[in-house]
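The values are calculated or read from the model by the stated rules, or taken from the named source; none is laboratory data. Not measured: the values here are computed from a predicted model. Glycine also receives a Cβ, built like all others from the backbone with ideal geometry; neighbour counts cover every protein chain displayed.
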2 protein chains.
Amino acid sequence: MQALTSHSFKLFSPLLSSTSHRFPYSTRSSPRPSSGRASMERSGPDFPYLPPAHRALILNLLATVDDRLGSDLLPSAVPSDVIRLQNPQGSAHGSVDIRTGSQTSPVDFVLQSWLHCQTPGGGEINIATLFAFLNSSTDAPHFLLELIQGSPTSLVLLLDLLPRKDLVLHPDYLDEFYHQTDLDGPRRDLEKLPQASPYRSSSLFIRSVLSPTAIAITVDCGKEGDVKAMEDIVAREIGSAAEKIIRIWLEKSAEVRGRVVGEGEKEFLESRDGLIKRKAVEIDLAANLPRMFGPEVAQRVVAEIQKAFRV
Amino acid sequence: MQALTSHSFKLFSPLLSSTSHRFPYSTRSSPRPSSGRASMERSGPDFPYLPPAHRALILNLLATVDDRLGSDLLPSAVPSDVIRLQNPQGSAHGSVDIRTGSQTSPVDFVLQSWLHCQTPGGGEINIATLFAFLNSSTDAPHFLLELIQGSPTSLVLLLDLLPRKDLVLHPDYLDEFYHQTDLDGPRRDLEKLPQASPYRSSSLFIRSVLSPTAIAITVDCGKEGDVKAMEDIVAREIGSAAEKIIRIWLEKSAEVRGRVVGEGEKEFLESRDGLIKRKAVEIDLAANLPRMFGPEVAQRVVAEIQKAFRV
């Protein structure tokens with residue numbers, strides 16, 4: 001499973017299957033049900049494999065998104081055999097769900113997924129992703145969160161607002177979305193953690209896609225490490241950074257309703273976004289999904305994502 | 001002098017004053033004269049303040065550049081009061097020299113400088129820079145080296161080939177100049193040093209200018225540290241990385257003679273390069289030079305650099 005952790009940007013994220021076709025976790029009063037069963041009753045399969053702190057973090061983020069963007073998102077059209085994934089051996093489980101934005105919304109899609117997979121050595125990998133793309137009615141950045149947990153005491157975190165433009169050519173864009181929002185603050189805070197060290201994707205393209213304030217770290221609580229310490233970091237420091245950043249993203253994507261993006265720029269944004277989406281599928285999904293789920297399941301998921309990505 | 005180390009990309013580099021108007025250090029057989037006096041006799045003031053290993057590293061790089069690009073570069077037109085700088089108190093010394101490319105050359109300019117400055121606490125700061133820009137006849141990357149030594153046992157290194165294009169929009173460019181050249185190898189090697197940790201410029205613009213394989217590190221050999229260990233790292237690991245990268249740059253800038261850059265792209269390259277140059281002057285020189293040398297000297301240097309930059 002080496003490739004799984006060497007490439008980041010997995011495009012997989014914790015999913016809530018929603019038979020109601022609405023994010024079912026907007027009940028902020030209970031973001032962290034104590035048992036899988038309770039949440040099953042409420043809303044169907046609910047991150048059954050994700051460690052509790054990861055699960056709570058993602059639930060909170062999704063609730064925040066739903067509070068602000070709920071009416072912008074169309075019901076999920078993802079078929080049930082993508083919403084629930086499993087390999088023939090039963091050693092890998094997962095879910096991919098996508099909701100696209102309505103005609104009048106600046107949201108292109110929100111993709112959420114989780115993947116769980118047992119490794120031959122007896123360990124397991126959990127990958128949770130939340131990926132929110134805007135369409136070409138705005139040039140505001142996209143949101144990306146990915147948590148790749150390779151052991152109970154170590155993980156890779158990618159958390160960023162992805163720029164839509166060349167920041168060298170557009171210093172005003174850099175100033176508006178990255179400097180004035182103090183997006184560097186959460187990065188600085190997380191990198192100060194003694195357990196954190198920089199993470200670099202082996203893909204130069206993926207490094208190029210990230211912003212200069214991207215959080216890309218490995219958190220390692222030691223080999224025989226402290227599971228509780230890791231859970232605390234996810235619940236507190238990572239949770240707090242993710243919440244700050246998704247709120248900035250929501251504010252910025254809401255603001256853009258008043259902005260006008262010209263036709264030429266729309267074309268440019270679509271073409272640049274298209275490259276990111278195509279490369280993401282090529283670098284990541286096409287390489288990793290077959291290994292986890294076999295070619296048939298992988299093909300189904302890739303087709304569904306390509307449909308949402310329109311690539 | 002906080003700002004000196006918090007902003008990188010100083011645009012200052014070790015200079016050899018060359019009355020002959022040719023790089024005088026192309027005698028590869030003696031790149032590291034044992035005394036300042038010996039080199040004075042050969043070629044005028046020769047990095048009098050730079051630590052020996054830094055001096056040797058820069059001399060070697062300049063000799064490599066001169067071997068390959070000598071005939072591309074016009075004689076320096078920089079006046080002697082910029083080639084030799086000093087503040088009224090005599091606590092800061094430095095030199096900035098610039099050679100522009102000939103009409104038929106792909107080189108825009110090669111800027112080399114060193115700055116030395118005593119700090120109120122009795123310490124000193126040495127900044128050595130080599131900055132080689134190409135013109136719009138090619139889209140090959142620019143070369144940047146900066147060594148900022150804040151104490152005998154700690155320094156900041158920036159070493160990179162700066163992309164001329166948005167790498168997300170141009171994955172072929174990324175592949176040609178960064179992936180196929182294995183520019184990530186020297187970065188990996190240097191970051192493995194136990195004394196190295198990542199360095200981030202406080203300027204988001206400068207972070208955006210750097211490539212995904214940029215070497216941006218702090219090397220720290222301890223507070224009461226080992227001066228010899230630091231010198232060894234500069235001489236071996238940093239020297240080797242810098243030599244590899246400047247050779248890649250020289251190869252790529254030579255290759256471009258066969259390439260054709262269209263008129264529209266030329267304009268684009270000029271405008272993007274112009275932004276980098278203007279921002280570099282604004283963020284760095286205008287902020288730091290007056291502090292080191294007083295307003296009059298600073299103005300002289302900035303004017304000379306702006307002339308070469310054509311901004």
Applying the selection to segment A:119-140, what residues are assigned to a strand (DSSP E or B) and more than 17 Å from residue A:61 (Cβ to Cβ)? A:124, A:125
Boolean, residue A:126 is touching a Gly at 6+ places or on another chain (Cβ under 8 Å) and either surrounded by fewer than 22 Cβ atoms within 10 Å (Cβ to Cβ) or not aromatic (Phe, Trp, Tyr) (or both): no
Going through segment A:254-273 in order, the residues found to be surrounded by 14 or more Cβ atoms within 10 Å (Cβ to Cβ) and either over 19 Å from residue A:165 (Cβ atoms) or free of Cβ contacts under 8 Å to residues at least 60 places away in the same chain (or both) are A:254, A:268
The one condition residue A:137 fails out of (1) closer than 24 Å to residue A:274 by Cβ; (2) within 13 Å of chain B (Cβ to nearest Cβ); (3) in contact with a Pro (Cβ under 8 Å, 6 or more places away or on another chain) is (2)
Sort out which residues of segment B:160-173 are at the interface with chain A (Cβ under 9 Å from one of its Cβ atoms), touching a Ser or Thr at 6+ places or on another chain (Cβ under 6 Å) and within 18 Å of residue B:142 (Cβ to Cβ), and write them in order of number. B:163, B:167
Considering residues of segment B:208-232 that are farther than 30 Å from residue B:165 by Cα and among the small types (Gly, Ala, Ser) only, the residue modelled with the lowest pLDDT: B:225
With respect to the numbered conditions (1) surrounded by fewer than 19 Cβ atoms within 10 Å (Cβ to Cβ); (2) away from chain A (no Cβ under 14 Å), which one is the sole condition not fulfilled by residue B:278? (2)
Being within 18 Å of residue A:212 (Cα to Cα) and either free of Cβ contacts under 8 Å to residues at least 40 places away in the same chain or away from chain A (no Cβ under 14 Å) (or both) narrows it down to one of B:200, B:247, B:188, B:236, so name that one. B:200
Mind checking which residues of segment B:77-92 are in a loop (DSSP other than H, G, I, E, B), within 19 Å of the chain's Cα centre (by Cα) and closer than 21 Å to residue B:291 by Cβ? B:84
Selection from segment A:157-184 of residues under 22 Å from the mean Cα position of the chain (by Cα) and in contact (Cβ under 8 Å) with a residue 40 or more places away in the chain yields A:157, A:158, A:159, A:160, A:161, A:162, A:163, A:164, A:165, A:177, A:181, A:183
Among the listed residues B:59, B:111, B:115, B:50, which satisfies the condition of being in a helix (DSSP H, G or I) and either out of contact with any helix residue (DSSP H, G or I) (no Cβ under 6 Å at 6 or more places or on another chain) or at pLDDT below 90 (or both)? B:59
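Each row is one residue, and each column tells you yes or no for (1) touching a helix residue (DSSP H, G or I) at 6+ places or on another chain (Cβ under 7 Å); (2) within 14 Å of chain B (Cβ to nearest Cβ); (3) among the small types (Gly, Ala, Ser).
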site: A:192; (1), (2), (3): no, yes, no
site: A:205; (1), (2), (3): yes, yes, no
site: A:221; (1), (2), (3): yes, no, no
site: A:230; (1), (2), (3): no, no, no
site: A:240; (1), (2), (3): no, no, yes
site: A:260; (1), (2), (3): no, no, no
site: A:269; (1), (2), (3): no, yes, no
Residue satisfying condition, being in contact (Cβ under 8 Å) with a residue 60 or more places away in the chain and surrounded by fewer than 19 Cβ atoms within 10 Å (Cβ to Cβ), within set B:102, B:154, B:113, B:136: B:154
Being more than 18 Å from residue B:162 (Cα to Cα) and out of contact with any Leu (no Cβ under 8 Å at 6 or more places or on another chain) is true for just one of B:191, B:237, B:251. Which residue is that? B:191
Would you mention how many residues in segment A:174-185 are surrounded by 21 or more Cβ atoms within 10 Å (Cβ to Cβ) and more than 8 Å from chain B (Cβ to nearest Cβ)? 2
The one condition in (1) closer than 30 Å to residue B:281 by Cβ; (2) in contact with a Cys (Cβ under 8 Å, 6 or more places away or on another chain) that residue B:195 fails to fulfil: (1)
